[in-house]
Amino acid sequence: MARTPASSQRSTQTSRRAAVIGGNRLPFGKAGGAYASATNLDMLTAALTGLVARYNLQGERIGDVSGGAVLKHSRDFNLTREAVLGSGLEPHTTAFDVQRACGTSVETVTAIANKIALGQIETGIAAGTDSTSDAPIVVSDRLRRTLIKLSRAKTLGQRAKLVGSLRPGDLAPVAPSVNEPRTGMSMGEHQAITTRRWGITREAQDEIALASHQNLARAYDDGLFDDLITPYRGLTRDQGLRADTSAEKLAKLSPVFGKATPGATMTAGNSTPLSDGAAAVLLGTDEWAAERGLPVLAHVVDAETAAVDFVHGAEGLLMGGAYAVPRLLARQNLTLDDFTFIEIHEAFASTVLTTAAAWADEEFMRSKVGLPALGEIDRTRLNVAGSSLAAGHPFAATGARIVATLATLLRRAKDAEPEKPARGLISVCAAGGQAVAMILEAPASKGGDQ
């Protein structure tokens, strides 16, 4: 018989903050690597199953589960619900899919947190997964239309005529692409333009990349991920992590984006690799966590989205964070100095640098965003446990990775210095000129309110 949490029978509440209780992810794999034969459903199910096991949720009905993938087969139209059915959660647990490109699982965290804040649910799971190894390959439009007509043909003659209408070129598969539909350009080529516009040097980009690998390696060694990662298909650490890389090794790599213009600076070393993986975050009320003796790592304070006009060249494709974060901080009356940790998704090293440069640029902020400049980032607070350049970037899983990691860092910081606030800021750029931003804050004590 299904177990129903007693807390789910309470009357609804309003204006409460959702708690980040924990997370679980797979070590991220390289495209064509350890997860080459794993599907999005396989990986999302594994991430959820690991979360269920870690927090003793077997047979429990969770308020709702939100997940998604960017590269998605048509068979996965109900991906998250299917993953829930294979996860060990009680089968009456509902689920729904979301897609906001690379910001997908920050968006799923927002959706679940808002439901909790409104009193609609007591707990929920936010997740994301993506496989570039098992990306959907489709047929040409002409072949697809012909196959549909064939399925409706009633005579042998009709079928023979349709088959005879096909040409050899119609049989060629159409490879998946994440190029922007309105420009036909890849993210890398878009970012190469933005990088030149802001005058970001190769050395500065390689410095960000080196720090990402060093910080991620240190975080593993410090045990930060002991309660955040479940080994999968032979991987115990992210496959792209290069703990032994160096500035000299990174400097030897040739540019891969923006090569049509002299002075190209973006290489495979300072750009994220194509990756496979999945991640999940457990959220709930403080009371739900306390009933189970689970810690409250952090609360979801607020979130913001933004979009830019990259189509007409008014702004760089991945510069949405330059708008979303200032709006979010203005609404919360906070500055960059109020944050213990800042997480800027490393789609490319130069994305981090151009976003930070925009926040510090008085003219840009005044004329484009309509708000005061945020000032310079304290680099000692930036991506302190590494980020996508080292960990990898399974598109829809990255947000959940960042939220769970940041919440754990904030809990540690608060426990180490209880008298100080522990806040974290997230900025994730996304395809289509979009971005999502979020603020987390650790409560005063485990399970308590600040």
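Where a number appears in this text, it was derived from the coordinates with a stated rule and is not lab data. Since the structure is predicted, the reported quantities are computational estimates derived from the model, not experimental observations. Here Cβ is always computed from backbone atoms with ideal geometry, including for glycine, and neighbour counts include all displayed protein chains.
For the chain, a Gaussian network of Cα nodes joined below 10 Å ranks 266, 43, 365 by mean-square fluctuation, and the top entry is 365. Its DSSP H runs of at least 4 residues, each contributing -39,500 (n - 2.57), put the calculated 222 nm mean residue ellipticity of the chain at -10000 deg cm²/dmol, to the nearest 500. GNM on the chain, C-alpha springs below 10 Å: top fluctuator among 252, 414, 368? Between 252, 414, 368, it is 252 that shows the largest mean-square fluctuation.
The chain: longest stretch without exposed GluC sites (Glu not before Pro) (DSSP loop, at most 16 other Cβ within 10 Å), sites themselves excluded? Segment 1-375 is the longest. Computed from label points 7 Å out along Cα-Cβ, the spacing between residue 174 and residue 376 is 4.9 nm. For the pair the stretch 340-382 and the stretch 174-247, the centres of their Cα atoms are 18 angstrom apart.
When the chain is treated as a Gaussian network with alpha carbon springs shorter than 10 Å, the biggest mean-square fluctuation among 173, 418, 136 belongs to 173. Taking the Cα centre of each part, how many Å lie between the stretch 269-284 and the stretch 26-83? If we compute the Cα centre of each part, the gap is 12 Å. Close amide-amide hydrogen proximity is noted between residue 22 and 282, each under 5 Å apart and 5 or more residues distant or on a separate chain (H modeled in the peptide plane; Pro and chain starts excluded).
Taking the Cα centre of the chain as origin and charging only Cβ (+1 Lys, Arg; -1 Asp, Glu), how large is the dipole, in debye to the nearest 20? The partial results should precede the final answer.
Details: 47 positive and 47 negative charges, 400 e Å.
I would put it at about 1920 debye.
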